[in-house]
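Reading through the structure tokens given below for one structure.
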Amino acid sequence: MTSATDLTVGVIGGTGPQGKGLALRWSAAGIRVVIGSRDADRAATVAAELDGGVSGATNADVAATSDLIVVTVPWDGHADTVKALAPHAGGKIVVDCVNPLGFDKRGPYLLPVEAGSAAEQAQALLPDAAVVAAFHHVSAVLLADPEVRSFDLDVLVLGEVREAVQTVIGLVDVIPGMRGIYAGRLRNAGQVEALTANLIAINRRYKAHAGIRVTDV
């Protein structure tokens, strides 16, 4: 198993709230981070705002130069973005954090995904990569808040390749207070992605940033 701190982590969609927050926390833990965007100048500008240890480039360049790729894009751009990573993702771990959710006046809800889940869609589009599902329930607001020093949070990690899952658990564990928990194979990712809708509803009702803790583990 490769240690998380030995990796260059590329965050696709790294100029968005979740991508920026994860990049900030990983950089603070001593991990080399590159954030990607369709616009290289925007990626470089956001990287400069984060930390001296974070750099920015196009999504393609980030995927090509990273050891591990993290996908944090909106659901409506998921398929096209992931498909474009294929030339650079072979033999690499790809972490899919995307939740296929819709919103209407009744609140958040799960959107149907033909492949079963966003993570399974990513694996189908990247057959030569080891896709791991993780970080679905992490608050982007808390990640970005410099006053938050530690997180009371478990991160559910799912995948087919044991070594890849363990590497991603290591990527969770370097963030203070977070704990990575193996939560099954990739076919179970759909219910994990769906649970995000419940957490958003909880957060709206209680004005909170709710996460998950797994007991007795």
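I need the per residue convex hull volume for segment 1-111, using only the alpha carbons, in cubic angstrom as a whole number.
Numbers: hull volume 12.6 nm³, N = 111.
Taking only Cα atoms, segment 1-111 has a hull volume of 114 Å³ per residue.
Across all directions, the average projected area of the convex hull around the alpha carbons of the chain is 11.3 nm². Site-free segments of the chain were taken between GluC sites (Glu not before Pro) in DSSP loops having at most 13 other Cβ atoms within 10 Å, sites themselves excluded; the longest one is 1-113. Summing Lys and Arg as +1 and Asp and Glu as -1 over all other residues whose Cβ lies under 15 Å from the Cβ of PRO127 gives a net charge of -2. The label-point distance for VAL148 and GLU114, in a model that sets each label 7 Å from Cα toward Cβ, rounds to 3.6 nm.
The lysines whose alpha-carbon is closer than 28 Å to the alpha-carbon of LYS105, local same-chain residues fewer than 8 away aside, are LYS207. Cross-link partners for LYS83 among the lysines, with Cα-Cα distance under 21 Å and sequence neighbours closer than 8 places in the same chain left out: LYS92. Label zone of TYR206 (point 7 Å out along Cα→Cβ, amide N under 20 Å): in segment 92-111 this covers 107-109.
Just so you know, all these numbers are worked out from the coordinates, no wet-lab data involved. Since this is a predicted model, take the numbers as computed values, not measurements. Reconstructed Cβ throughout: ideal geometry from the backbone, glycine too, with neighbour counts over all protein chains shown.
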